[in-house]
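Asks: Dumping the structure here so I can ask a few things about it.
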Amino acid sequence: MIGPSTSATETSLTADDQQLIETWRSYSSWIWTVEDSNYRGSSPSGEQRAFRKTYVYPDTNIFPGKIPETATIVMAADDYFALYVDGVLRHEADPGHDWSKVMAFNFPLSSAADGSSTGTKSSKLVLGIRVINVDNFAGLKMAGMIHFNDSSTTTFVSGQDDSWLGEKLFQEGWERPDFAWESQWKPAAVCPSNVSRVSWPEEKMQLPQKVLVFGPAEPNVGGLIPPNGADAVTRTVTLASGPIVTVTQPAHATGASVRLSPGQFAGALLGAVALSMLVFKEELARGK
Ligand SMILES: [Ca+2]
């Protein structure tokens with residue numbers, strides 16, 4: 001298995017970084033998966049959820065020569081998270097992470113793998129975030145800035161639109177740019193601001209003082225991890241009121257430090273049974 005590209009160096013904040021942190025603080029929203037129609041900051045304890053955000057770069061036919069060079073991400077997650085950029089694991093899930101610690105990352109985009117076998121430059125940035133809620137409140141709050149070669153930047157924030165997707169049950173390869181099931185994913189729910197102000201008080205948040213700057217990713221990492229490689233762990237679990245399902249967990253997606261009890265598979269990665277699980281979900285939706 002190819003290891004994650006998680007080595008980084010800490011650098012001081014630039015003016016752009018400070019602007020992005022302010023944008024994160026003022027304009028991004030706490031989001032989560034749609035589990036009922038009224039997400040108000042809380043979610044079942046001990047479960048994980050997966051989120052995807054795709055940012056499509058400007059069309060080079062319209063903006064010739066406008067090349068994305070780096071992306072800076074500012075984020076907080078309750079309680080801890082793994083971050084994938086273009087399918088490459090850049091921040092491993094750290095159970096010791098404190099939700100109040102806001103983090104800032106910078107990644108080069110020029111050599112980002114696009115999930116294809118060619119390793120050609122991607123037309124989009126795909127962020128994959130797995131968030132594990134230990135208990136009580138659960139959420140994800142992000143802002144991103146793309147830096148282009150003409151010194152221009154563009155910014156996006158969580159809760160801004162329906163391009164932030166989240167799923168409780170997520171299929172193999174969910175973090176990859178070429179993930180085939182993306183169209184099945186639902187837009188994430190946004191926590192009402194009056195609730196999030198109480199759940200995650202601003203005075204408790206520790207804003208980043210440094211940025212973790214990453215080097216180029218290993219080429220094609222996102223496209224080479226076999227769906228059922230040697231690191232995969234297959235278990236059979238019973239979901240509440242549901243059928244017995246087999247869940248395949250590639251180690252690359254779960255993180256060795258995260259142990260899941262059967263009850264926690266409500267937010268599990270699904271392998272070969274993805275299709276049957278969708279049927280199961282539909283049965284649930286029909287009240288069976
Ligand atoms: Ca929590």
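Asks: For Asp178 and Asp150 in one chain, what is 0.36 nm times their gap in residues minus the Cα-Cα distance, to one decimal in nm?
Replies: So the extension gain works out to 7.3 nm.
Asks: Regarding the stretch 8-225, what whole-number volume in Å³ per residue does the convex hull of its Cα atoms give?
Replies: Spelled out: Cα convex hull of the stretch 8-225, divided by residues, is 122 Å³.
Asks: What FRET efficiency comes out for the pair Ile62/Lys186, r = Cβ-Cβ distance, R0 = 30 Å, nearest 0.05?
Replies: It comes out at approximately 0.50.
Asks: Hey, rough spin-label estimate for Glu10 and Lys124, points 7 angstrom out along Cα→Cβ, what's it come to in nanometres?
Replies: 3.5
Asks: Also: So if each residue of separation counts as 0.36 nm, and I subtract the Cα-Cα distance between Gln18 and Gln209, what length gain in nm does that give?
Replies: Result for the pair: 67.8 nm of gain on full extension.
Asks: In debye, nearest 20, what is the charge dipole magnitude of the stretch 8-225 about its Cα centre with +1 on Lys and Arg Cβ and -1 on Asp and Glu Cβ, if you could check?
Replies: 200
Asks: A further question on this structure: Once you keep just the Cα pairs under 8 angstrom separated by 6 or more residues, what percentage relative contact order results for the stretch 8-225? Please report the intermediate quantities before stating the final value.
Replies: On the way: 523 pairs, mean separation 79.1, N = 218.
Relative CO of the stretch 8-225 lands at 36 percent.
Asks: Now, a different point. Taking the mean number of other Cβ atoms within 10 Å as a proxy for protection, how do you rank 59-66, 138-145 from highest to lowest?
Replies: 138-145, 59-66
Asks: Could you pull out which residues in the stretch 31-51 have an amide N less than 19 Å from a spot 7 Å beyond the Cα of Asn194, following the Cα-Cβ vector?
Replies: Correct set: 31, 37-42.
Asks: While we're on this one: Can you work out ³J(HN,Hα) from phi for every residue in the stretch 160-169, in order, using Karplus 6.51 cos²θ - 1.76 cosθ + 1.60 and θ = phi - 60°, giving whole Hz and x for Gly and Pro?
Replies: Going residue by residue, I get 6, 7, 7, 7, 8, 10, x, 9, 7, 10 Hz, with x marking Gly and Pro.
Read-outs: derived from the displayed coordinates by stated rules, not from any lab. Not measured: the values here are computed from a predicted model. Every residue, glycine among them, receives a Cβ derived from its backbone with ideal geometry; neighbour counts consider all protein chains shown.
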